[in-house]
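The block underneath contains the structure these notes are about, expressed in structure tokens.
What follows is calculated from the coordinates using simple rules that are stated; it is not laboratory data. Note that the structure is a prediction, hence the values are computed from the model and not measured. In this analysis, Cβ positions are derived from the backbone assuming ideal geometry, glycine residues included, and neighbour counts consider all displayed protein chains.
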Amino acid sequence: MPVLTINGTEVEVDRGTTLLKAAAVAGYEVPHFCYHPALSSPANCRMCLVEVEGAPKLMPGCYNQVNDGMIVHTESDRVKRARKAVLEFILVNHPVDCPICDKAGECKLQDYYFAYDAQESRMRAEKQHKVKVYPIGPRVVYDGERCILCTRCIRFCEEITGTGELTLADRGDKAEVRTFPGQDLDNDYSLCTVDVCPVGALTSRDFRFKRRVWLLTSTDSVCTGCEMGCNIHLDHFRNTTERYRPRYNPAVNDYWMCDDGRLSYKALNEGRLEHPMLNGAQATWHTIAGAAASKLAAVIEKNGASSVGFVISPQATSEDLFLAKMFAETAIGEGVRLFINGNDPGSSDELLIRADKNPNRAGARLVFGGLDGVGDASALADALEAGELEAVYMMGTELGAARGRVEAGLDDVGLFVLQAAHQGGVLLDAAHVALPAATHAEKRGTFVNCDAVVQTVDQAYPPNADALPDWQIFMKVAGAMGHKLPFTFLRQIQDRMFEASEAPEPEETATEEAPAPAE
Amino acid sequence: MPEWIITIVKILVIVFGFVMGVASLLTLVGDRKQSAKIQNRIGPNRATLFGLDIQFFKNLGISHFIADGIKMVLKENTIPNGANKFLHGLAPSLVFLPGLFGWAVIPFMDTYCTGDITVLANYQEVCSGEEKRYFQIMHMEVGLLYAFAITAISVYGAAIAGWASNNKYSLIGGLRSSAQMISYEVAIGLSLAGVILVYGTLDLNEMVRMQGHQMWGIVPMWGVFVQPVAFFMFFLAGMAETKRAPFDVPEGESEIVAGYITEYSSMKFGVMQLGEYAATVFIGSLVAIMFFGGWQVPFLYGDGFHFGTPTGTPDVAVPYALIVLLRIGSMVIKTLFFVWLQFMMRWTLPRFRYDQIMTLGWKILLPLGLANLVITALLSAIF
Amino acid sequence: MARTINVVPQERVPKTFWEKSYVPEIMRGLAVTIRQFGRNTFSRKENRDTFTIEYPESGTSHYPERYRGRHRLMLREDGQVRCVACMCCSTICPANCIHIEAGEHDDPTVEKYPAVFVIDELRCIVCGLCVEACPCDAIRMDTGVHMQPRFDRTTAFHARDEMMSRGGLSLATKGGRDAVNEDYTW
């Protein structure tokens, strides 16, 4: 393997490694705009120029591969002068509208300007004017003035999605990114172009002007849009989730995520069930746990546990499902009818989108040892219509196509306990007891994705209003029914859960050991 | 008129008319306006009285004062969790009431004489008729002892307030204040021992009468002239007793919040504050009585002004009614002056450190008082 | 590396007996306070040392140029608000009193504008950091008008249009050039 010296540090890397990656191994970051680790390298921005001894000119680090015995300088005066010149050249036409620009705060150009340029503009001529708000796609807006023509978005559409809608139109300082005639930037991953854009040229219509990025706090989480479980940065501000950004995980989603999943954060903030409700009146946790317990106990005593329908949710974390299982087995008792609700299957593709639109059906399968005896939402509707159920205890509000039938059936049920993060429209009205649960942004937990990758979500902010994580609700209600569940911390549940199932424990440090290559 | 009605009238006029009036006015004039003047400010001058835009009242800040009082009463009265409710409520009274009880023995004028007054050559006034004590609530031979016995009770008030608040700051404040007050009571007692030796009585009115005498026919025999060291000590220790600046270590924003008053709100807080002001007035009146001749006006005797030997016809004859007024006025003005002076001291001096206070009390005032007592006793024995 | 610390012994001036006794010093202090008290109480108004300024009767002409008063929002030539809702002010605000909701402007050259811009004057600590942070000379505190006391808290929320009504024309460009102050020159 070639051995080379970078800024005096000797490193040994694989043949074919680029200078930029080799410098990263040596511990030096080489600034770059057009290079992206998941895309091809056009070497057109010239920001990553490095000095190689013996070479007459500076070489783009993202493109040139290492050779044995190379002596590379990435921080020499010559390199620094070149970077300054490149930045000055880019800024000839780049408008200084950072106050307006959504990218300000996470903008590569901004960061590099302060790191390598930091001088007042010497440009006295008028800047090139282009269309500021160009509707390049239904979810993305393009600003030609801000574009530095790195072509990352174009390469993304060619190489990752394969849709190839984008191209560069015109030349020189008139060049702009455009779609091919008759096309829109309307693929399922179009918002990833906003992520790869190093400046604020492509902005998300959804997030546009909504919040300055420096106000956001980022928490590592997992998208719950489908069973793929793409890793995300959950960006939140004042206990409200503002956006999802894909988080690098080569085992699951690489650098990307789909638009539908990205916009699924909205459900975290809307239509939330805020307080415990008892027959439509607001109650406290203390009274509601007792009321739920006594009502449930009355039904079980009268008609037996087999008259109780217990509906688990594939949207819940594995810990919640584990507690749900314990609750159903101990508090309700043998013979309880188990059902599982969840969103209906949707579209899928080969990249990231999976048909099952629930993040943890695999986890439910592991926790319950297979879902063979567990009916789906339409089975629940059937049971309700047949009058087999006296009481229904339901986690979550996702019912899919069977929603109408279930709602109609719930009217005749003697006791309906709804334990959900959302009001679910009619479901809340039908609920005799409603228990507000926390969303995955508000609790810690584990999801198992379709490829059996066990992934954890972190708590981003405390639960909304009176909400509690599902496992704590189960412990409350079970405790009120006289079946104390012996847990205090989530960790204890996890220990028991991983003991009981064959699933491997998630390696929480996995991403830390192998840091994501700089985007 | 029955005796008890007269007593009630006296209590009303002296305690509620004079003491309370002055003490509560001090919260305004003393604390706000006087400090403002000293510090080149204006002080409160904005609030109107019932919406009447009268510049005079606005400038005096009267409405601020009234609003302050109303605010005190209307605020929520809170008792901290875990506090002893009974003692928490008792403490303000223990702080406040001694300041009022003490006034029972303060003479605002000599006994009222129904007949004629003859002044003897030794400056004694002899009344031919009945002597009525209209200007002193209660006549007591040991008035001075009574006054100090009563004021000593306020130590309990501070200590109990500190303990009953269930607050560490209050407790420390209460401890500090009780330590300070007990230390300075020693100094006060010793300083007065000299005074008692000189006048040979504990009756406050008798003491004032003695101060009508003149030394060498020209200098009134006021306490400040015969016992200057005692005056200095008493004034200092008296200020320390009232717990006001520069001796205000029981309170301290940065260290212990408001000391033993921290957990008091509403009128309980108000009463604590009023208690301090009432004590200030009380100390002022005692200084006036023991060291500045109380109700005495220099050269004014029972029948008029005598410049020289007081026998025979007065140099300037004054009707008895006017003499009564002059003497009451003299007492009131002297009291107010010393109250004013205490406030001036307050705004002049920075506060002592706690160890300095203890040093001053035990290492300076105590030996000084002992020395003063010995020297006074020697001199009394010689002359 | 060893550090050398230079200690310079200071000669303390020994106190005289009278200084130790405090009495003359207290008298001197009392003389000062009593002199001030007398001068400010009994002498005529013009001879007093009082430096209190009675606002609003006395006006604000003696205020320094950089005095910070009520906020106002500056205007463009066409009368629209200069603010571009960059949130720099609300970010820097130590009291969290500025609430801005950005909107998409019809004019693509403006692009972003504050659909909602509210300052909570109850929370505002009048530090002026918002003015310093503003890159557009859009917010100023040069009205010379104090924060007013009020009976109703709802009146403490100064909305965009109210602050624009106090605002004036600003043609400031990058670096604060041309930022003239033609109104509110008190």
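Here are a few things to note about the model shown:
- In chain B, the DSSP-assigned H stretches of four residues or longer account for a calculated mean residue ellipticity at 222 nm of -17500 deg cm²/dmol, using -39500 (n - 2.57) per stretch and the full residue count as denominator.
- Residue (of C:LEU73, C:LEU122, C:MET141) at the positive-pole extreme of region C:72-166, dipole from beta-carbon charges: C:LEU122
- Normalised by the number of residues in chain B, the average gap of Cα pairs under 8 Å and 6 or more apart makes the relative contact order 21 percent.
- Stretchable slack from A:GLU301 to A:VAL96, in nm (0.36 nm times residue separation minus alpha-carbon distance): 66.6 nm
- CD proxy at 222 nm, helix term only [per DSSP H run n ≥ 4: -39500 (n - 2.57); per residue of chain A; nearest 500]: -7000 deg cm²/dmol
- Estimated FRET transfer efficiency when R0 is 41 angstrom, pair A:THR163-A:VAL3 (beta carbons, to 0.05): 0.45
- By the combined test of axial Cα extent (at least 15 Å) and Kyte-Doolittle hydropathy (mean at least 1.6), the qualifying DSSP H helices of chain B come to B:228-241, B:366-382.
- GNM flexibility winner over chain B from B:ALA230, B:ALA149, B:ALA159 (Cα, springs under 10 Å): B:ALA149
- GNM result for chain B, Cα springs below 10 Å: residue of B:SER254, B:SER24, B:SER285 fluctuating most strongly: B:SER254
- Residue of C:ILE92, C:ILE34, C:ILE53 that the Gaussian network model of chain C assigns the largest fluctuation, springs spanning Cα pairs under 10 Å: C:ILE34
- Ranked list, fewest to most other Cβ atoms within 10 Å of each Cβ, for A:TYR461, B:TYR134, B:TYR277: B:TYR134, A:TYR461, B:TYR277
- Computed label-point distance, nm, for sites C:ALA2 and B:ASN166 using a 7 Å Cα→Cβ extension: 6.0 nm
- Counting only the Cα atoms, region A:3-90 fills a convex hull of 86 Å³ per residue.
- Rounded to the nearest 20 debye, the dipole magnitude of region B:84-382 is 780 debye, with +1 charges on Lys and Arg beta carbons, -1 on Asp and Glu beta carbons, and the Cα centre as origin.
- Spin-label model distance (nm) - A:ASN44 vs B:HIS139, 7 Å beyond Cα toward Cβ: 11.6 nm
- DSSP H segments from chain A that extend 24 Å or more along their own axis, Cα-based, with Kyte-Doolittle mean of -0.5 or above: A:285-303
- Most simply put, chain A has about 65% antiparallel DSSP beta bridges, counting only bridges with both residues inside it.
- Structural descriptor for region C:15-96: relative contact order 10 percent, calculated from alpha carbon pairs under 8 angstrom and at least 6 residues apart.
- Which of B:TRP347, B:HIS139, B:LEU366, positive extreme of dipole for chain B (C-beta unit charges): B:TRP347
- Nearest-0.05 FRET efficiency for B:THR78 and A:THR287, computed from C-beta distance (R0 22 Å): 0.15
- Sites A:ASP411 and A:GLU334 - FRET efficiency at Förster radius 22 Å, r taken between beta-carbons, to 0.05: 0.20
- For region B:1-45, the Cα-based Rg and Dmax, in that order, read 16.5, 53 Å.
- On full extension, the segment bounded by A:ARG496 and A:ASN269 gains 78.5 nm, given 0.36 nm per residue less the C-alpha separation.
- When the pairs A:LYS210/A:LYS443; B:LYS10/B:LYS132; B:LYS85/B:LYS268 are compared against a 18 Å limit on Cα-Cα distance, A:LYS210/A:LYS443 fall above it.
- Positive dipole terminus of the protein assembly as shown, leading residue within A:CYS107, C:PHE42, B:VAL29 (C-beta point charges): C:PHE42
- Neighbourhood net charge (10 Å Cβ-Cβ; Lys/Arg +1, Asp/Glu -1) for B:PHE135: +3
- Charge dipole of region A:277-511 (Cα centre as origin; +1 on each Lys and Arg Cβ, -1 on each Asp and Glu Cβ, all else neutral): 600 debye, rounded to the nearest 20.
- Span from the region A:393-422 Cα centroid across to the region C:136-172 one, whole angstrom: 52 Å
- Per residue, the average separation of C-alpha pairs within less than 8 Å and at least 6 apart gives chain A a relative contact order of 12 percent.
- Centre-to-centre, using Cα atoms only, region A:217-270 and region A:83-105 are separated by 28 Å.
- Its Cα centre serving as origin, chain A has a Cβ charge dipole (Lys and Arg +1, Asp and Glu -1) of approximately 1720 debye.
- Modelled spin-label separation between C:SER43 and C:TYR67, with each label point placed 7 Å from Cα along the Cα-to-Cβ direction: 2.6 nm.
- Proximal lysines relative to A:LYS484, as straight alpha-carbon distance under 17 Å, when same-chain residues fewer than 8 apart are discounted: A:LYS325, A:LYS476
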